[in-house]
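Visitor: The structure is given below, and queries will be raised subsequently.
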Amino acid sequence: MGARRRSTLREVAARAGVSIGTASGVFTSNASVSEQARKVVLAAAEEIGYQPRRRPAEALAAGVSAFGLLARGEHYVGPANPFYGPVLYGAQSAIAALGVSLVMETLHDGDLDGRALPLVLRRRQAQGLLLAGYHEERYVARLLETGTPCVLIDHLVEDLPVDCVRADDLRGGHLATAHLLDLGHRSPPPAIITGPSTAYSITARLAGYRQALAEYGVPADPAYIRGGRLCAESGREEMAALLDLPVPPTAVFCGNDNTALGAIDLLRERGITVPTDVSVIGYDDIAMAAHSVPGLTTIAVDKELLGMQAVWNLTERLRFPHMGWRETRVGVHLVVRGSTAPRNPPAPPYEPVTTTTTTPTTRG
């Protein structure tokens, strides 16, 4: 008989009906966790026989007293960007368990020219760095040149030997698109509103979109692929452009939930019903997604786990600086709510747009 599988913190959180960050806070004596939540989590842990793994300060490399967290201003939690709040909470929960400090620093465009170092390094306030969101390759390279261990969160720089923790966005893009295709939104193809091409997560979601279309035998049409800025205002703008097409889409995959909420707002303003007339799916599963009208179908990312896993990876990087760099992917899953529905048959005839490619001439 094989050894009994060890229960996980994620299973405890699921049974207790709380986030993984709250469950972690119970076992790290986080004062922000309510007494009621503490009782529920401990009861769930006892039911499934969960024994927390201890990550004591002694597991840290000698001399480590603080981690730094670097992010652009737009990556911090706020009305325009609710994604990174849970990421930060997860990181703080894991850092509290280690007994070290967290030093946060906001970076601005002028700080990212690849030459200036962040204050947290210049003042020697931290021995390792967490980099949240997109950072230019040359800036990451400059940080690595200092010998400071770094872990990227929600980003990947393929040409540098740096650890990263990110969501499985290729699979997420595929799941979202396949859901719409399974509902019959094939002619015209589901549209997509993406985001900045500099963000690896966005390019991976777009690749998943294209992959799903190819698997279903639905031609990708560039007219239905729109850029965006990952905000509600951009969702409104790009949705308006899609509605102006000769054959508007009956389904739209948005690069994040904020974009999707903006798109739904524009559809409502135009008198178009979601999901009867147009299905909309988002990405990230922010808190507002469950409370929108209709509830937003989306791809859920375990945001707290992103932050926690990044801290754990940085801890190991500090202890074993010569080990190979790692790309850690956090799983995603589809959450079906009220914003997607089967397409009303029959689908009108549709011919995908054909594009011609010209070969540039070269000068002799």
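Visitor: For the subset of the range 215-237 comprising residues that are outside any loop (DSSP other than H, G, I, E, B) and under 21 Å from L175 (Cβ atoms), which member is nearest to the chain's Cα centre (by Cα)?
Guide: Ranking the qualifying residues of the range 215-237, first place goes to G235.
Visitor: Right, something else. Looking only at the range 164-183, filter to residues that are among the charged types (D, E, K, R) and crowded, with 20+ Cβ neighbours inside 10 Å; which one of those is farthest from G208 (Cα to Cα)?
Guide: Taking the range 164-183 and keeping what is among the charged types (D, E, K, R), we get 166, 168-169, 171, 182.
Pick out the ones that are also crowded, with 20+ Cβ neighbours inside 10 Å and you get 166, 169.
Numbers: R166: 15, D169: 7 Å.
By that ranking, first place goes to R166.
Visitor: So, one more: Can you tell me which residues in the range 204-228 are surrounded by 18 or more Cβ atoms within 10 Å (Cβ to Cβ) and not aliphatic (A, V, I, L, M)?
Guide: Within the range 204-228, R205, G208, Y209, D221, Y224, R226, G228 qualify.
Visitor: Then there's this: When the residues of the range 89-101 are narrowed to those that are more than 17 Å from K303 (Cβ to Cβ) and among the hydrophobic types (A, V, I, L, M, F, W, C), which ends up surrounded by the most Cβ atoms within 10 Å (Cβ to Cβ)?
Guide: Residues of the range 89-101 that are more than 17 Å from K303 (Cβ to Cβ), as a first pass: 96-101.
Going one step further and asking which of them are among the hydrophobic types (A, V, I, L, M, F, W, C), we end up with 96-98, 100.
Details: A96: 19, A97: 24, L98: 21, V100: 18.
My answer is A97.
Visitor: Another question, if that's okay. Only residues that are among the polar types (S, T, N, Q) and part of a loop (DSSP other than H, G, I, E, B): list them for the range 297-339, please.
Guide: Result: S339, single match.
Visitor: So the check is Cβ under 6 Å with 6+ separation or different chains; which pairs have a first residue in the range 313-334 that's more than 30 Å from L183 (Cα to Cα) and without any contact (Cβ under 8 Å) to a residue 60 or more places away in the chain and a second one that's open to solvent by less than 70 Å² (accessible area, probe 1.4 Å) and assigned to a loop (DSSP other than H, G, I, E, B)?
Guide: From residues that are more than 30 Å from L183 (Cα to Cα) and without any contact (Cβ under 8 Å) to a residue 60 or more places away in the chain, there are no pairs.
Rundown of residues vs (1) modelled with pLDDT of 90 or more; (2) among the aliphatic types (A, V, I, L, M); (3) at positive phi, yes/no style:
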| residue | (1), (2), (3) |
| --- | --- |
| P82 | no, no, no |
| G99 | no, no, yes |
| V103 | yes, yes, no |
| A116 | no, yes, no |
| L121 | yes, yes, no |
| G128 | yes, no, no |
| L131 | yes, yes, no |
| H135 | no, no, no |
| R142 | yes, no, no |
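Visitor: Please determine, by comparing only the residues of the range 189-203 that are part of a helix (DSSP H, G or I) and of a type outside the set (A, V, I, L, M, F, W, C), which one is surrounded by the most Cβ atoms within 10 Å (Cβ to Cβ). First the steps, then the outcome.
Guide: To start, the set of residues in the range 189-203 that are part of a helix (DSSP H, G or I) comprises 200-203.
Next, from what is left, pick out any that are of a type outside the set (A, V, I, L, M, F, W, C): 200-201, 203.
On the way: Y200: 18, S201: 26, T203: 18.
Filtering first and then ranking leaves S201.
Visitor: Pairs only if they're at least six apart or on different chains, beta carbon under 6 angstrom, first in the range 217-231 and within 9 Å of P189 (Cβ to Cβ), second among the β-branched types (V, I, T) and assigned to a loop (DSSP other than H, G, I, E, B); list them, first residue then second.
Guide: That search, which allows pairs on different chains as well, returns D221/V353.
Visitor: Given the conditions (1) under 27 Å from P345 (Cβ atoms); (2) open to solvent by less than 10 Å² (accessible area, probe 1.4 Å); (3) of a type outside the set (A, V, I, L, M), which single one is not true for R186?
Guide: (2)
Visitor: Look at the range 263-283 and say how many of its residues are surrounded by 15 or more Cβ atoms within 10 Å (Cβ to Cβ) and either part of a helix (DSSP H, G or I) or free of Cβ contacts under 8 Å to residues at least 24 places away in the same chain (or both). Please lay out each step first, then the result.
Guide: Taking the range 263-283 and keeping what is surrounded by 15 or more Cβ atoms within 10 Å (Cβ to Cβ), we get 263-267, 272, 274-275, 277-283.
With the extra rule that they be either part of a helix (DSSP H, G or I) or free of Cβ contacts under 8 Å to residues at least 24 places away in the same chain (or both), the set shrinks to 263-267.
Residues in the range 263-283 being surrounded by 15 or more Cβ atoms within 10 Å (Cβ to Cβ) and either part of a helix (DSSP H, G or I) or free of Cβ contacts under 8 Å to residues at least 24 places away in the same chain (or both): 5 in total.
Visitor: For the range 147-177, give me each residue that is on the phi > 0 side of the Ramachandran plot and in contact with a Gly (Cβ under 9 Å, 6 or more places away or on another chain).
Guide: Going through the range 147-177, the residues on the phi > 0 side of the Ramachandran plot turn out to be 147, 154.
The one that is on the phi > 0 side of the Ramachandran plot and in contact with a Gly (Cβ under 9 Å, 6 or more places away or on another chain): D154.
Visitor: Under the condition of being open to solvent by 30 Å² or more (accessible area, probe 1.4 Å) and modelled with pLDDT of 70 or more, which residue from the range 54-73 is farthest from A126 (Cα to Cα)?
Guide: Among those residues, the one meeting the criterion is G73.
Visitor: Check off (1) modelled with pLDDT under 95; (2) more than 28 Å from L131 (Cα to Cα) for Y200 and give me the number that stays unchecked.
Guide: The single condition Y200 does not satisfy is (2).
The values are calculated or read from the model by the stated rules, or taken from the named source; none is laboratory data. Predicted model, so just to flag it, every value in this text is computed and none were measured. Here Cβ is always computed from backbone atoms with ideal geometry, including for glycine, and neighbour counts include all displayed protein chains. Just the protein is used for accessible areas: all its heavy atoms, side chains included, with ligands, DNA and RNA removed. Shrake-Rupley method; radii C 1.70, N 1.55, O 1.52, S 1.80 Å.
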